[in-house]
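**Student:** After the structure tokens below, expect a handful of questions from me.
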Amino acid sequence: MTLPKPTLEDIEIHLLLEGVYQYYGYDFRNYALSSLKRRIQNFMQLEGLTNVSALQERLLHNRAYLERFLLALTVNVTSMFRDPSFYNNFRNQVIPILQTYPFIRIWHAGCSTGEEVYSMAILLQEEGLYHRCRIYATDTNEKVLQNAKSGIFSLKLMQEYTQLYLKAGGKKSFSEYYTAAYDHAIFRASLRENIVFAQHNLATDSSFNEFNVILCRNVLIYFNQVLQKRVHELFYNSLCNFGILGLGRQESIRFTPYEPYYEEIVKGEKIYKKISGG
């Protein structure tokens, strides 16, 4: 069987990603090519560039330009209490497990601008567990991490987030968790007390702790099979026995080498418990 010959643009993109990795250490080489190509093309159009080689020259000779490129390349689509049924099931099925632990370590990988991290902090506060939790919120992009650390979001989103919070089983008035200031909502500082925001690249970095819970929702869909396998290995090795793994709706542990070593806690919600073995 003869493989299709790569296009010139595909070759240029391969060289671009290799250059960014070799020079800056950011590894996008195993991201899903179709969506990555689309984001690169959109960025080039905004920048008025006609080909990928021109983009590569600009990137490798201008570190400041890299920041704009990284923002365009990483997907930062998120919201508070996204997929509320996930949080409802986490509250009802996972919280009773976590209540048995004296201290709880949670890794929120690929946290983007932090909305889902604050959602989990609110849930844990309402369930009386936040004081014995440490949430490690990581992302490859330093810029979005700075936004996440601030705990400041657009006020116009709060009505939508309030509805999602209530659907997720929220127990209070959502407005208790933030202060309105002009067109921004500033979330309570107490929600950040047990959150550590840090840069971590799932493509290249190793484990840094043992966790009771790992959440990585709607991130793996942007990786190819090679990188997905690497990340699943990283998560498996980072979870304690009977630890909890939460993925996005379009993601799964099926067809990975680690499928036999998890059981699904809530069917269809992509909440898994690591079981002994392997």
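The values are calculated or read from the model by the stated rules, or taken from the named source; none is laboratory data. What you see is a predicted model, and the numbers here were worked out from it, not measured in a lab. Positions of Cβ are backbone-derived with ideal geometry, glycine not excepted, and every protein chain shown enters the neighbour counts. For the accessible areas, the whole protein counts, side chains as well, though only heavy atoms, and no ligand, DNA or RNA atoms are used. Shrake-Rupley method; radii C 1.70, N 1.55, O 1.52, S 1.80 Å.
**Student:** Using Cα pairs under 8 angstrom and six or more residues apart, how large is the relative contact order of the stretch 165-278, in percent?
**Tutor:** It rounds to 21 percent for the stretch 165-278.
**Student:** Could you give the length gained on full extension between Asn201 and Ser85, defined as 0.36 nm per residue of separation minus the Cα-Cα distance, in nm?
**Tutor:** So the chain would gain 38.9 nm between Asn201 and Ser85.
**Student:** So how far apart, in nm, are the two label points at Glu142 and His184 if each is 7 Å from Cα heading toward Cβ?
**Tutor:** Modelled inter-label distance: 2.1 nm.
**Student:** Next question, about the same structure. At 7 Å along Cα-to-Cβ for each site, give me the label-to-label distance between Ile95 and Glu193 in nm.
**Tutor:** The two pseudo-label positions are separated by 1.8 nm.
**Student:** Short version: ³J(HN,Hα) in whole Hz for each residue of the stretch 222-238, in order, from phi by Karplus 6.51 cos²θ - 1.76 cosθ + 1.60 (θ = phi - 60°), x for Gly and Pro, what are they?
**Tutor:** Working through the residues one at a time gives 8, 9, 7, 5, 4, 6, 4, 4, 4, 5, 4, 5, 4, 5, 4, 6, 9 Hz.
**Student:** Students often get this wrong, so try it: which of (i) 44, 43, 34; (ii) 48, 47, 36; (iii) 56, 53, 28 is Cα extents along the principal axes in Å as calculated from the structure shown?
**Tutor:** Given (i) 44, 43, 34; (ii) 48, 47, 36; (iii) 56, 53, 28, the calculated one carries the label (iii).
**Student:** If you don't mind, another one. Quick one: order Phe208, Phe223 from most to least accessible surface, probe 1.4 Å.
**Tutor:** Phe208, Phe223
**Student:** So, in nm, how far is label Ile275 from label Val226 when the simple model puts each one 7 Å beyond its Cα toward the Cβ?
**Tutor:** 3.3 nm
**Student:** While we're here: Starting from the amide H of His184, placed 1.01 Å from N in the peptide plane, find each other amide H under 5 Å away whose residue is 5 or more places distant or on another chain.
**Tutor:** Placed amide hydrogens put Leu155 under 5 Å from His184.
**Student:** For the chain, what is the mean residue ellipticity at 222 nm derived from helices alone (per DSSP H run of n ≥ 4: -39500 (n - 2.57); sum divided by total residues; nearest 500 deg cm²/dmol)?
**Tutor:** Theoretical 222 nm ellipticity from helices: -11500 deg cm²/dmol.
**Student:** Moving on to the next point. Here is the link list: Lys172/Lys270; Lys149/Lys171; Lys149/Lys267; Lys5/Lys229; Lys156/Lys274; Lys37/Lys156. Which ones come out longer than 29 Å on Cα distance?
**Tutor:** In this structure, Lys149/Lys267; Lys156/Lys274; Lys37/Lys156 exceed 29 Å between Cα atoms.
**Student:** Can I ask one more? Between Glu259 and Glu9, what FRET efficiency follows from the Cβ-Cβ distance if R0 is 35 Å, with the result rounded to 0.05?
**Tutor:** The value I calculate is 0.45.
**Student:** Using θ = phi - 60° and the Karplus form 6.51 cos²θ - 1.76 cosθ + 1.60, what ³J(HN,Hα) does each residue of the stretch 158-170 get, whole Hz, x for Gly and Pro?
**Tutor:** Computed from phi, the couplings for the stretch 158-170 are 5, 5, 5, 5, 4, 5, 5, 4, 5, 5, 7, x, x Hz.
**Student:** If ligands, DNA and RNA are left out, what is the accessible area of Arg29 with a 1.4 Å probe, given in Å² to the nearest 10?
**Tutor:** Roll a 1.4 Å probe over it and Arg29 shows about 90 Å².
**Student:** Largest first, how would Thr138, Thr256, Thr7 line up by accessible area (1.4 Å probe)?
**Tutor:** Correct descending sequence by accessible area is Thr7, Thr256, Thr138.
**Student:** Now a separate question. Rolling a 1.4 angstrom probe over the protein chains, ignoring ligands and nucleic acids, what is the accessible area of Lys172 in square angstrom, nearest 10?
**Tutor:** So the heavy atoms of Lys172 present about 100 Å² to solvent.
**Student:** Of the residues Gln99, Gln22, Gln163, which exhibits the maximal mean-square fluctuation in a Gaussian network model of the chain defined by a 10 Å Cα contact cut-off?
**Tutor:** Judging by the Gaussian network model, the answer is Gln22.
**Student:** Quick one: which residues, 5+ away or cross-chain, put their amide H under 5 Å from the amide H of Cys111? H built at 1.01 Å from N.
**Tutor:** The answer is Thr138, Asp139.
**Student:** What are the ³J(HN,Hα) couplings of the stretch 128-140, residue after residue, when phi is run through the Karplus curve with 6.51, -1.76, 1.60 and θ = phi - 60°? Round to Hz, x for glycine and proline.
**Tutor:** After applying 6.51 cos²θ - 1.76 cosθ + 1.60, I find x, 10, 4, 5, 10, 10, 10, 9, 9, 9, 10, 7, 6 Hz.
**Student:** Accessible area per residue, 1.4 Å probe, Å², for the chain: what's the number?
**Tutor:** So the chain comes to 49 Å² accessible per residue, rounded to a whole number.
**Student:** Can you give the FRET efficiency to the nearest 0.05 for Asn209 and Lys149, using r as the Cβ-Cβ distance and R₀ = 22 Å?
**Tutor:** Efficiency for this residue pair is about 0.65.
**Student:** Non-local amide H neighbours of Ile104 (under 5 Å, H modeled in plane, Pro and chain starts lacking H): which ones?
**Tutor:** Cys133, Arg134
**Student:** With a 1.4 Å probe and all protein chains left in place, how much of the accessible area of the chain comes from carbon and sulfur atoms, in whole percent?
**Tutor:** Reported share for carbon and sulfur atoms: 51 percent.
**Student:** Oh, and also: Can you send over the solvent-accessible area of Thr50, 1.4 Å probe, protein chains only, in Å² to the nearest 10?
**Tutor:** Accessible surface of Thr50 is approximately 120 Å².
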